[in-house]
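The values are calculated or read from the model by the stated rules, or taken from the named source; none is laboratory data. Bear in mind that the values here come from a model prediction, so they are computed numbers and not experimental data. Cβ placement follows ideal geometry from the backbone for every residue including glycine, while neighbour counts extend to all protein chains displayed. Side chains included, ligands, DNA and RNA excluded: accessible areas come from the protein's heavy atoms. Shrake-Rupley method; radii C 1.70, N 1.55, O 1.52, S 1.80 Å.
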Amino acid sequence: MNIDWRLWGPLAWPSWFVVWCLEALGHLPFPVLWALGQVVGVLGYLIAGKRRRVARRNLERCFPGLDARTRERLLIAHFAWLGVAVLTQGVVWTASRRRLARLVRICGREHLDRCIARGQAVILLVPHFVGLELGGAAFSALVHPGAYMYQRLRNPVFDQRVRRARQRFGSIAIERRDDLRPLIRALKGGRPLFYLPDQDAGRRGVFVPFCGVLASTVPMLGRFAALTQAAVIPTLARFLPWGRGLELIFLHPLADFPSGDVQSDATRMNQAIEATFSEMPAQYFWVHRRFKTRPPGEGQSNRRN
């Protein structure tokens with residue numbers, strides 16, 4: 001029997017220790033995890049200099065109308081919620097359907113059920129809010145097994161653990177670099193797609209505004225919708241304060257989408273994502289370098305994120 005030493009060799013032991021610690025923490029009451037996560041997140045704000053700078057720059061670009069003090073408070077709140085997301089990862093990995101039903105409130109499900117009832121394919125447009133892992137677990141356990149695209153993690157232990165957890169309620173995993181025909185078949189076969197396209201797309205993306213700033217954007221949402229005649233339903237996962245759980249919210253499907261124009265569809269997608277910021281700006285994943293790839297010809301002084 002071949003042993004994958006990337007998973008079980010001595011170099012992997014620290015990663016397994018972290019996994020086991022998170023799983024053990026996952027059995028604590030959710031309000032306790034919320035409180036501990038807030039503390040861990042604020043400590044992260046103090047020591048994670050690089051990611052703090054990335055998030056601060058993102059907030060400066062996306063919320064230019066806020067004064068510096070307000071943005072800094074928003075930044076600290078963001079790191080606090082990141083801490084909650086980290087410490088509740090063990091809940092994602094271990095919680096039963098019964099516990100997920102207690103922790104997660106499903107809102108707006110009628111929008112999804114209506115599309116499924118009439119046999120229409122569905123793409124759930126899921127922005128990168130910090131609660132998306134718990135929201136994804138609740139979706140596959142309580143709503144529909146569905147399908148999702150994932151990007152392989154560099155750490156093989158975390159990659160194995162995350163993929164196993166996401167598939168434990170019957171979800172289909174499709175790696176971004178793989179042949180995408182299984183994804184199209186899954187959509188046409190009635191599996192909703194849990195789709196997270198709101199990260200820097202590099203030179204393969206199209207440059208359209210995100211919060212008023214040109215950003216390299218994944219152009220595939222409109223194409224997938226056109227190929228499968230799918231409804232696109234913006235979906236967000238929102239942690240509730242004081243450890244009261246999480247809301248998984250399905251919004252109204254996008255009207256008159258796709259348009260058939262790649263630039264217009266990517267712009268519309270970004271606008272739909274921006275619209276979800278208003279009620280929970282601190283829970284968006286600001287530590288990602290969203291503006292890393294700059295348009296050709298943009299000055300060197302603007303290349304840093």
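Scan region 87-100 for residues that are surrounded by fewer than 20 Cβ atoms within 10 Å (Cβ to Cβ) and assigned to a helix (DSSP H, G or I) and jot them down. TRP93, THR94, ARG97, ARG98, ARG99 - these are the residues of region 87-100 that are surrounded by fewer than 20 Cβ atoms within 10 Å (Cβ to Cβ) and assigned to a helix (DSSP H, G or I).
In region 19-39, what count of residues is obtained for those that are of a type in the set (Val, Ile, Thr) and crowded, with 16+ Cβ neighbours inside 10 Å?
The number of residues fulfilling the criteria is 1.
Filtered by the rule that a residue be open to solvent by 40 Å² or more (accessible area, probe 1.4 Å), touching a residue at least 24 places away in the same chain (Cβ under 8 Å) and part of a helix (DSSP H, G or I), region 57-73 gives a lone residue, ARG57.
Yes/no per residue for (1) under 29 Å from ALA231 (Cα atoms); (2) at pLDDT 95 or above; (3) outside any loop (DSSP other than H, G, I, E, B):
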site	(1), (2), (3)
ASP265	yes, yes, yes
ARG268	yes, yes, yes
GLN271	yes, yes, yes
GLU279	yes, no, no
ARG294	no, no, no
ASN305	no, no, no
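Quick one: is ALA137 closer than 24 Å to ASP198 by Cα and without any contact (Cβ under 8 Å) to a residue 60 or more places away in the chain? Yes. Taking LEU103 as the residue in question, decide whether it is more than 22 Å from ALA275 (Cα to Cα), hydrophobic (A, V, I, L, M, F, W, C) and either buried (at least 17 other Cβ atoms within 10 Å of the Cβ) or under 14 Å from the mean Cα position of the chain (by Cα) (or both). So LEU103 fits the description; yes.
Table: residues versus (1) open to solvent by less than 50 Å² (accessible area, probe 1.4 Å); (2) modelled with pLDDT under 90.
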residue: HIS128; (1), (2): yes, no
residue: ALA138; (1), (2): yes, no
residue: TYR150; (1), (2): yes, yes
residue: ARG166; (1), (2): no, yes
residue: ARG177; (1), (2): no, yes
residue: LEU183; (1), (2): yes, yes
residue: PRO197; (1), (2): yes, no
residue: ASP200; (1), (2): yes, no
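Per this entry, LEU43 is not counted among residues that are open to solvent by less than 30 Å² (accessible area, probe 1.4 Å), on the phi < 0 side of the Ramachandran plot and not in a loop (DSSP other than H, G, I, E, B). Looking across region 1-18, the residues that are open to solvent by 70 Å² or more (accessible area, probe 1.4 Å) and assigned to a helix (DSSP H, G or I) come down to TRP5, ARG6, TRP8, PRO10, LEU11, TRP13, PRO14, PHE17. For PRO253, the criteria (1) free of Cβ contacts under 8 Å to residues at least 12 places away in the same chain; (2) part of a loop (DSSP other than H, G, I, E, B); (3) not hydroxyl-bearing (Ser, Thr, Tyr) hold in every case but one, which is (1).
Could you tell me whether GLY119 is touching a residue at least 40 places away in the same chain (Cβ under 8 Å), assigned to a loop (DSSP other than H, G, I, E, B) and open to solvent by 60 Å² or more (accessible area, probe 1.4 Å)? The answer is yes for GLY119. Considering LEU132, LEU112, LEU142, the condition of being over 20 Å from PHE277 (Cβ atoms) and open to solvent by 20 Å² or more (accessible area, probe 1.4 Å) is satisfied by LEU142 alone. Among all residues of region 219-235, there is at least one that is open to solvent by less than 10 Å² (accessible area, probe 1.4 Å), assigned to a loop (DSSP other than H, G, I, E, B) and either at pLDDT 95 or above or hydroxyl-bearing (Ser, Thr, Tyr) (or both). Looking only at residues of region 202-218 that are open to solvent by 20 Å² or more (accessible area, probe 1.4 Å) and not in a helix (DSSP H, G or I), we find that the one that is nearest to PHE139 (Cα to Cα) is VAL218.
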